[in-house]
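Quick notes on the structure that follows.
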Amino acid sequence: NASKELNVYFDDDNFLKLRYYIVRNLLGYGVVEPFVHDNYVQRIICEGQGEKVMVIRDNKKLRTNVMFKSKDELNNMLNTLAERTFQKISVDDPVLDSIYRGFRIQGTLGTDMVSSKFIVTRV
C-alpha cells in the first residue's frame, strides 16, 4: 500500500479532505466549486487573473477572496471545463460557451493581448 510506504496515514478527516479536493479538481469547477453548491448563487464572474472572483447571490454582487494568480492557472481551468463539455478551445478559437452540471459557462481563453475571463450562470 502506497500510504504505508510513504508513511502517510489517513484518518476519516484526512480522507474526507482528500476526497473533496479530488472531486473538486477532477470533476467539478475547481476553486469556484463551493459557489456551485450554494443554491443562492446565480452567477460566478471572473474578470481576469489577479482579480477577485465575484458572485451574484440573492441579486447582490459580492467580491470573494478567490483569485486566479496567473493567466496559465485561469486558462488551465477554462481548458479543463472545455474538455468536460467535449469542446476544444485554443488561441485560434478562444471562446467557450457550454452547459455543465446545471450551469452555463461562457469564457474566453487569454492571450498576450486579451485577459482570460469567464461567467458561470445557473440555468
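Largest mean-square fluctuation among 32, 23, 53, in a Gaussian network model of the chain whose springs join Cα atoms under 10 Å apart, belongs to 23.
Computed over region 25-114, relative contact order equals 17 percent, with contacts defined as Cα pairs under 8 Å that lie 6+ residues apart. When restricted to Cα atoms, the chain yields an Rg and a Dmax of 16.3, 51 Å, respectively. Exposure check, 1.4 Å probe, all protein chains in place: residue 73 carries approximately 70 Å² of accessible surface.
With Cα atoms defining each centre, region 82-121 and region 5-66 are spaced 18 Å apart in the structure. Over the chain, accessible surface divided per residue gives 67 Å², non-protein components excluded, 1.4 Å probe.
In this Cβ point-charge picture (+1 for Lys and Arg, -1 for Asp and Glu), the chain has a dipole of about 460 debye about its Cα centre. A straight Cα-to-Cα reach below 28 Å connects residue 117 with the lysines 52, 60, 61, 69, 71, 88, residues fewer than 8 places away in its own chain not being considered. Taking the accessible area of the chain, probe 1.4 Å, and keeping the other protein chains in place, the carbon and sulfur fraction comes to 52%.
The values are calculated or read from the model by the stated rules, or taken from the named source; none is laboratory data. Here the structure is a predicted model, which is why all the values come from computation and not from measurement. We place every Cβ from the backbone using ideal geometry, glycine too, and count neighbours over all the protein chains shown. Protein only, heavy atoms only, side chains kept; ligands, DNA and RNA dropped before computing areas. Shrake-Rupley method; radii C 1.70, N 1.55, O 1.52, S 1.80 Å.
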